[in-house]
Every structure is written in structure tokens, then in C-alpha cells.
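K.L.:
Sharing a structure, written as C-alpha cells. Questions coming.
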Amino acid sequence: MKTSNLLDDVAQRALDLGVPLTAHLDVTYRCNERCVHCYLNHDDRGEMALSEIKNVLRQLAEAGTFFLVISGGEPFVRKDVFEILQYARDLTFSVKLKTNGILIREKEAERLRDLGIEGVQISVYSHRPEVHDAITKVKGSLARTIRAITYLRSRGLKVTVANVLMQGNMYDYHGVRDLALRLGAHFTIDPTITPHLEGDASVVAKRIPTHELQTVFRDSDLVGDVAEFSALAPAADAAVMESFPCSAGHTAIYISPYAEVFPCVAFPFKVGDLRSQSFSEIWQDSPALQQVRSIRVKDLTTCSGCGHVAGCTRCPGLAYMEGNMRGPSSADCAKSFVRTGVWSAGMVEKFASSAALVQISPAAS
Amino acid sequence: MSNSYIARASKIATRVLGTETLIMSAADSTIFTLNEVGSAIWEAADGQTPLRQIVEQKLCEEFEVDASQALADAEKFVADLAAQGILRVSETPIDGGEGR
């Protein structure tokens, strides 16, 4: 029996065995909030019935999935959400739940505890109601979310407060962190605003400006040792160049409420449909998934020659949404630059292609 | 302990990964991996079969190990898992021991 932190070993073993260790299942895109930065269309266009979801969960268990993230939309707008969670736990998944918490009261918190849910992640945008509620567009939502966290914590559930940073709340993360601490919750921060999955990229204008991101990345309370965090990654060796850009499609998979299969929630490149195919068919034979899996770091058109490549958080999904799954993601280029002060190859390329040519004339004699 | 009954705890997640078994305790998120022999005991921990019988039927026959040594090792293994809260041990059969 080994009891150390084995996640890396387990992930490598899953990769070697071709097992989808982690699955993210959105059970609905419907939501009771209307967050200004959301990347989803909240209409129900034929979400899976309970029987379909159970069938998907059975297939995932058979394929070896261990970590299951259940999210949405807001999962609790489904009246059968507890039947879904019960079934997932009967199949002995490690279940994490992502929710806004608005519909969680004492009874729901107790049921989640009794089910052995591994953890609950709840989005909090600000410690100030006027800011949080303006982002969710639901008056009173912060108070209800805090109430849910209190109920969950008092029942012993692990809660993570997720603070998405954008222009409307970028000065409030200290307050959110303090709030999380007071509530006994973990705290995580994410400055990534994702383009709408149906193509509208206008929402990315809400991303926080570079100089503000720098303030966040220089906050030792968040990043630990600032010098270490800001250090340029060592030069990429052969192992890095032969590695996969991320786990999406390799040991991780995403399933939409409409039974569509994607490499990741942030990678809207459809690789299969569980209404017409089995999961194992998709996992083993999908040409689209094989395409994703074929990409090594050395194949990345711009990033393979970038000095940040060994330490970059490059998201292939964001790159895909910018037009090329092998290309750079400008959001991650910005993060690498802000973190280290060194331009990324993607930034250099973009600057070179957009800079106006300047004619230099010889000085008049 | 050899005549004890063992059952998997309820608030755990578990999955077979190749020849190993992954287990996570919801109480503290600790991950455990069991090797092939440990996995055989874990799979047989239905709350209805005494540990001695599990060792005889699942370990001695399948892994060709000495019975007394296997039983001693299994008892230590069971005690370790019980201390971590992921296995229940009782002198009488455990109802609801199968599955989650």
C-alpha cells in the first residue's frame, strides 16, 4: 500500500494504459445566474435524460474513469441531480461538484455529505454584494452562495471558493480570499476568461489588463515565492518536446449535456456523440480524438520555438478557439510575459505581423 | 483477526487501474494504490467472507503463497486499511458491506 501523494504516478499510469482517468460531465447548461463572462448558451436544446446520464456514467466507470466532475450550467436546476450524484457514487467515482450554491440549503448539504462527495467548488466573484451580484445579475446571490458554503462546511464538506478575475472585480480578490478563509474554504483564482463556446469572442474584452495581472502575479500570498514563480523556465529538452501539450483527450475527457464528447470543457472540438456511439468507440477510434492525441510539443507551430515552452500554461482549447489547436493561445502568452517579463514567440509573431512598416529616409545632407 | 469480516467503507471512491486498485478517502482526500495482492483482498471484502477464507481462496490459490505467511501479511494489510478508515473490520458479518 502506498499512501504518499500519488497523483502524478497515477496520471502517468492512466496515460500508459490509455485510461480516461478524469471526466467532466455537464448535466445541464441551464443556469439560475446570468454571469456577464459566461461562455455558455443557457437554453436547453435537448439535454440528456436521467437514463442517458446513467448510461454514460456506466460507460465511464467501465472505461476506468475515477475522477468525475459534475457541473453545468447550474447542476442543481435539474430536479434529478441527486439521483445523478447517487448513481455516480454507487459506481464509486470520486465526485467533485461545481455549483453556484444558490439552491444548496441545509437538506442539500446533508445529502451531499451522506453521498461522500469529494468536494464542492463554488464561484465567488467578490466579497461585496454589489460587485458579485452585478456579475451574476442575480440580486442576493452572494448572500445565498455564502449561506451554501456555511451549510456545506458545517457538514464537513470540502469547499473551494473559485474566484474568476475580470475587469469588474479585479481589485476584490483579497476580500474573496479573506472571505474563503473565514468560511473555512480553500481559495483558487483564475484570470482566464474563455470565449463563448459558440464562437463569440467579445467576452474576452473583460479580461483584466496586463498591468493588473502583473499585480496579481507579484502577490506572494497567491503565488508563494515571487522570484521562483517569475523565473523563466529552463530550456526545453527532448522529453519536453516529445511530451503532450496537456491531458485533454489523453487522460481527461468532457461530456456536454447533449451527449457530445470533447477533449475538454474549454476545447470545443467535437470528437464524438454518445447518442450514436459508445464511449469506448469514441475513446478508442475517434479520428478527431486521434488528431488531438497526435500533437506533441515539438509539433506546436510557434510555441515549440518559444523560450517559455517548458513552463507555459498554454491551453490547446484556447489556441483552437483562436483558430489553430497547434498554435499559441494569446491569453497564455500574456500570462507567460506578465509572469517573467519576457515576450513569448506568439507575441513576437503577432507584433511582427501587425507592426506598420516605417520608411527610414537618409538624412538630408 | 483471521476470523474477522472485512468490508469496504462507504465514503470512498475506488477504481481498478491496470493491475492496481485506486482508492480515495472522501474524509481527507488521501489516495491509496493497492498492488495485485492487495487488490484481491479489497475485491473480496464483501463483509460476508471471513478474512481467513479470503486468504485461502484468493491469495493462496491465485498467487501460490504460503498460507500462514499470507494470513499474517493480510492481517497487517487489513489493519493498515482499517486505520485509514477505508476498510471496516468486524467479528460478525457486515450488512451492506458490498459495493459503496
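K.L.:
Compute the angle between helix A:173-183 and the longest alpha-carbon principal axis of chain A, please, reported from 0 to 90 degrees and rounded to the nearest 10.
P.N.:
Its long axis makes an angle of about 20 degrees.
K.L.:
Leaving ligands and nucleic acids out of the surface, order A:His250, A:His196 by accessible area at 1.4 Å, largest first.
P.N.:
A:His196, A:His250
K.L.:
Could you work out what % of the accessible surface of chain A is carbon and sulfur, using a 1.4 angstrom probe and leaving DNA, RNA and ligands out of the count?
P.N.:
53
K.L.:
State in Å² the accessible area per residue of region B:36-90; use a 1.4 Å probe, count heavy atoms of protein chains only, and round to the nearest integer.
P.N.:
Here the per-residue accessible area is 51 Å².
K.L.:
Still on this structure, I have one more. Under the 0.36 nm per residue contour assumption, what length would be gained going from the current alpha-carbon distance of A:Arg45 and A:His211 to full extension?
P.N.:
55.7 nm
K.L.:
Relative to the present Cα-Cα distance, how much length would full extension add between B:Val65 and B:Arg52 at 0.36 nm per residue of separation?
P.N.:
Taking 0.36 nm per residue and subtracting the Cα distance, the gain is 3.3 nm.
K.L.:
Rounding to the nearest 20 debye, state how big the charge dipole of the protein assembly as shown is about its Cα centre with +1 on each Lys and Arg Cβ and -1 on each Asp and Glu Cβ.
P.N.:
The calculated dipole for the protein assembly as shown is roughly 1640 debye.
K.L.:
Assuming R0 = 35 Å, can you tell me the calculated FRET efficiency for the pair A:Ser230 and B:Asp80, based on Cβ-Cβ distance, to the nearest 0.05?
P.N.:
With R0 = 35 Å, the Cβ-Cβ based efficiency is 0.25.
K.L.:
Which lysines, on any chain, are close to A:Lys96 with Cα under 22 Å apart, when same-chain ones fewer than 8 places away are left out?
P.N.:
In chain and number order, the partners are A:Lys54, A:Lys79, A:Lys107, A:Lys158, B:Lys11.
K.L.:
Short version: which residues of region A:115-130 lose at least 20 Å² of accessible area, all chains versus chain alone, 1.4 Å probe?
P.N.:
SASA drop of 20 Å² or more in region A:115-130: A:Gly116, A:Glu118.
K.L.:
Chains B and A: buried accessible surface, both sides, probe 1.4 Å, rounded to 100 Å²?
P.N.:
The buried area between B and A, both sides summed, comes to about 2200 Å².
K.L.:
If you don't mind, there's one more thing I want to ask. Pop the C-beta distance of A:Lys270 and B:Asp95 into the FRET formula with R0 = 51 Å and round what comes out to the nearest 0.05.
P.N.:
Once rounded, the FRET efficiency stands at 0.65.
K.L.:
Also, quick follow-up: When the Karplus curve 6.51 cos²θ - 1.76 cosθ + 1.60 is applied with θ = phi - 60°, which whole-Hz ³J(HN,Hα) does each residue of region A:31-38 get, with x for Gly and Pro?
P.N.:
8, 9, 10, 10, 4, 5, 9, 5
K.L.:
Ignoring ligands, DNA and RNA, please state the percent of accessible area on chain B from carbon and sulfur, probe 1.4 Å.
P.N.:
The nonpolar share, carbon plus sulfur, comes to 46 percent.
K.L.:
Accessible surface of A:Phe66 in the full protein assembly, 1.4 angstrom probe, to the nearest 10 Å²?
P.N.:
0
K.L.:
Could you name every residue in region B:28-43 that has 50 Å² or more less accessible surface in the full protein assembly than in its own chain alone (probe 1.4 Å, ligands and nucleic acids excluded)?
P.N.:
Residues losing area: B:Ile31, B:Thr33.
K.L.:
Just report the Cα centroid separation between region A:266-312 and region A:130-182, whole Å.
P.N.:
That distance is 34 Å.
K.L.:
Largest first, how would A:Val223, B:Val89, A:Val161 line up by accessible area (1.4 Å probe)?
P.N.:
The ranking, largest first, comes out as B:Val89, A:Val223, A:Val161.
K.L.:
Let me know the Kirkwood hydrodynamic radius for chain A, please, with Cα pairs as the basis and the value in Å to one decimal.
P.N.:
So the Kirkwood estimate lands at 22.0 Å.
K.L.:
Can I ask one more? Cα gyration tensor of chain B, axes a ≥ b ≥ c as square roots of the eigenvalues: rounded (a/c below 1.5), prolate (a/b > b/c) or oblate?
P.N.:
Since a/c reaches 1.5 but b/c is at least a/b, the shape of chain B is classed as oblate.
K.L.:
Grab the DSSP H runs of chain A that are 4 residues or longer, score each as -39,500 (n - 2.57), total them, divide by all residues and round the 222 nm result to the nearest 500 deg cm²/dmol.
P.N.:
Mean residue ellipticity, 222 nm, calculated: -11000 deg cm²/dmol.
K.L.:
Right, another one. Determine the calculated [θ] at 222 nm for chain B from helices alone, applying -39500 (n - 2.57) to every DSSP H run no shorter than 4 residues and normalising by the residue count; nearest 500 deg cm²/dmol.
P.N.:
Helix contribution divided over all residues of chain B: -9000 deg cm²/dmol.
K.L.:
Quick one: which residues, 5+ away or cross-chain, put their amide H under 5 Å from the amide H of A:Gly272? H built at 1.01 Å from N.
P.N.:
Under 5 Å from the amide H of A:Gly272 lie the amide H atoms of A:Val261, each far enough along the sequence or on another chain.
K.L.:
Moving to a separate point now. Between helix B:67-83 and chain B, what is the angle of the helix's C-alpha long axis to the longest principal axis, kept within 0 to 90° and rounded to the nearest 10?
P.N.:
Tilt of helix B:67-83: around 20 degrees.
The values are calculated or read from the model by the stated rules, or taken from the named source; none is laboratory data. Here the structure is a predicted model, which means the values were calculated and not measured. In this analysis, Cβ positions are derived from the backbone assuming ideal geometry, glycine residues included, and neighbour counts consider all displayed protein chains. Calculation scope for accessible area: heavy atoms of the full protein, side chains included, ligands and nucleic acids excluded. Shrake-Rupley method; radii C 1.70, N 1.55, O 1.52, S 1.80 Å.
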